[in-house]
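S.K.: This structure is in structure tokens; I'll ask about it shortly.
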Amino acid sequence: MSLSHKSENKTVTHTSTHYVDCDNCSMQSVCKPINSGEQSFDLTSNYLTRRVPVNPVTSSSTLKDNETDAKLFAQAMPLTAIYAVCSGTFKLCHQNEDGSEKVVGFRFPGELIGEDALFLEKYNYSAIALGDNSVCEVFVKQLSACGSLAPEMQLNLIQLLTKQSYQQQRNTQALFGKKSAECLLAAFLLNICSRNAKHSGCETEIELTISRQDIANYLGIRRETLSRLLSRFQQKALINIDGKKLTILSLKDISALSNS
């Protein structure tokens, strides 16, 4: 399922959904009115659609492998828009020439999706919703047209992309180059909890819709190895998994393990 202009005036009305605050969203710099002298004008209605739902048929269960997913966009599709996650989680998948699929990342509330397609003008991966999600959608051509009228918007876009590149570089450095699978998993759990803290307000808890298979694929380890490590972490009282809720019980020990 790809988004279209037909859905751009729709908003999610479920009161139970917890959206990321605009102040904590990476897209914020291109979603605010432009100030010119003593005047302020808002061009966002020309290129921005807020809180577009992206829902799979059946929400996936945490640390299980029975999800039915919905695609925000598919790999190699022409670039039309970049997105910011408002709620939920997305996985990013790249299909190799041999047909195998590699999970290359996850995106959480407040983070961007598709911004790295601006250079090649096509998406480098498929973005798949895990659970009932929503995004803010910025149409690239319309944004560029508005930017020609308001140069400040071009600067805001550059700032947005630079910040996102820096954050993704930090995320990558935090995870890879670890000495063991145990160390890698500890670093992964710290990373995703820290990234969600801006949305949830808690650095030790996360509501997951990511399957064990996807986590193992992303980390480059066997699913059986991941299951064994998660069990070991629980036995040592480092974490607790209760349904979709994962809690880090000993932040100090997990941090030490991730740096070992």
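S.K.: Going by the conditions given, is LEU190 out of contact with any strand residue (DSSP E or B) (no Cβ under 7 Å at 6 or more places or on another chain), assigned to a helix (DSSP H, G or I) and assigned by TED's automatic domain parsing to the domain that holds TYR47?
M.R.: Criteria not met by LEU190.
S.K.: I would also like to ask the following. Taking the options ILE221, ILE248, ILE239, ILE192, name whichever one is at pLDDT 90 or above and out of contact with any helix residue (DSSP H, G or I) (no Cβ under 7 Å at 6 or more places or on another chain).
M.R.: Checking each option against the conditions leaves just ILE192.
S.K.: Another question, then. For the range 81-105, give me the residue count where each residue is touching a helix residue (DSSP H, G or I) at 6+ places or on another chain (Cβ under 7 Å) and either crowded, with 20+ Cβ neighbours inside 10 Å or assigned by TED's automatic domain parsing to the domain that holds ILE221 (or both).
M.R.: Final tally of qualifying residues: 5.
S.K.: To continue, here is another question. Collect the residues in the range 123-150 that are closer than 15 Å to LEU112 by Cβ, over 13 Å from the mean Cα position of the chain (by Cα) and among the aliphatic types (A, V, I, L, M), keeping them in residue-number order.
M.R.: Selection gives VAL138, VAL140, LEU143.
S.K.: Name the single residue, out of those in the range 168-185 being charged (D, E, K, R) and more than 18 Å from the chain's Cα centre (by Cα), that is modelled with the lowest pLDDT.
M.R.: LYS178
S.K.: Sticking with this structure for a sec: Taking into account only those residues within the range 36-57 that are aliphatic (A, V, I, L, M) and either outside the structural domain of TYR83 (by TED's automatic domain parsing) or modelled with pLDDT under 90 (or both), which is surrounded by the fewest Cβ atoms within 10 Å (Cβ to Cβ)?
M.R.: VAL57
For every residue, the table says whether it meets (1) surrounded by fewer than 15 Cβ atoms within 10 Å (Cβ to Cβ); (2) hydroxyl-bearing (Ser, Thr, Tyr); (3) assigned by TED's automatic domain parsing to the domain that holds LEU189; (4) not in a helix (DSSP H, G or I).
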{"residue": "GLN213", "(1), (2), (3), (4)": "no, no, yes, no"}
{"residue": "TYR218", "(1), (2), (3), (4)": "no, yes, yes, no"}
{"residue": "ILE221", "(1), (2), (3), (4)": "no, no, yes, yes"}
{"residue": "SER231", "(1), (2), (3), (4)": "yes, yes, yes, no"}
{"residue": "GLN234", "(1), (2), (3), (4)": "yes, no, yes, no"}
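S.K.: At pLDDT below 90, within 27 Å of ASN196 (Cα to Cα), over 15 Å from the mean Cα position of the chain (by Cα) and surrounded by fewer than 22 Cβ atoms within 10 Å (Cβ to Cβ), is that true of LYS64?
M.R.: yes
S.K.: Also: Of all residues being part of a strand (DSSP E or B) and of a type outside the set (S, T, N, Q) in the range 26-48, which is farthest from ASN196 (Cα to Cα)? Just the residue, please.
M.R.: In this case the residue turns out to be PHE41.
The values are calculated or read from the model by the stated rules, or taken from the named source; none is laboratory data. This one's a predicted model, so the numbers in the text were calculated from it and none came from an experiment. Neighbour counts run over all protein chains shown; Cβ positions are idealised from the backbone, glycine included.
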